[in-house]
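Read the structure below first, then the notes.
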Amino acid sequence: MQQRLARFCFAAAFASPKLRYAARAMATSGQATCSGKALIFLHGLGDTPAGWSSLERQLPSLIGNLEGAKYVFPAAPTIPISINGGAEMPGWFDVLDWPIGITARDDRKGLLAAVNQIEKEVETLGEKGIAPSDIVVGGFSQGGAVALLAAYHQRQNKVPFAGCVVLSGWLTLEED
């Protein structure tokens, strides 16, 4: 059993066993810890990295082989958000339409700037010896939308990430 758990380096550890199973994001070659691996996790609209930084303590306490992983929680810039009457708050990109659906417009410039911020974090991790193939990107809500874009749209002709974990996110830039 322990050997089987060690095969998974990143797993979201939620109360629901169903969610725990669904969130396993990166298999390793039997490593007992996640040294040399990383999780980049983006917060949602109006939040800060502090809102999710507890994952760094919680995940290893629930799944021991997550010890040694590097956790990165970037901060979104403070920008005006159209659906909130232009109020400024931490956001990865402007939200132009509500509710968010298949006809909602995307803030292409903001989305690509957010992906660029993830790529800078990936470069920084690379300087520490962590390859993109050893990095899981993820996020909640708006951060999840950016993580999906970074992992599945913008990684073309690049080394893919180890995985992508998204909670309440959505796909953007449909026209691409």
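The values are calculated or read from the model by the stated rules, or taken from the named source; none is laboratory data. None of these values were measured; they are calculated from a predicted model. Note: accessible area is taken over every heavy atom of the protein model, side chains too, but ligands, DNA and RNA are not part of it. Shrake-Rupley method; radii C 1.70, N 1.55, O 1.52, S 1.80 Å.
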Straight-line reach from K120: which lysines have Cα under 16 Å away, leaving out those fewer than 8 places along the same chain? K70, K128, K158
Using alpha carbon coordinates only, what is the Rg to Rh ratio of region 70-170, with Rh defined as the Kirkwood radius? 0.99
With every protein chain kept in place and ligands, DNA and RNA left out, what is the accessible area per residue of region 78-163? Probe 1.4 Å, answer in Å². 51 Å²
With a 1.4 Å probe and all protein chains left in place, how much of the accessible area of region 91-176 comes from carbon and sulfur atoms, in whole percent? 53 percent
Relative contact order, percent, region 106-163 [alpha-carbon distance under 8 Å, six or more residues apart]: 37 percent
Which ³J(HN,Hα) values in Hz, rounded to whole numbers, follow from the phi angles of region 136-143 under the Karplus curve 6.51 cos²θ - 1.76 cosθ + 1.60, where θ = phi - 60° and Gly and Pro get x? 9, 9, x, x, 10, 6, 4, x
List the relative contact order of region 50-91 as a percent without decimals, with contacts defined as Cα pairs under 8 Å and 6+ residues apart. 26 percent
Once amide H atoms are built 1.01 Å from N in the peptide plane, which residues 5 or more positions from W170, or in another chain, come under 5 Å H to H? A145
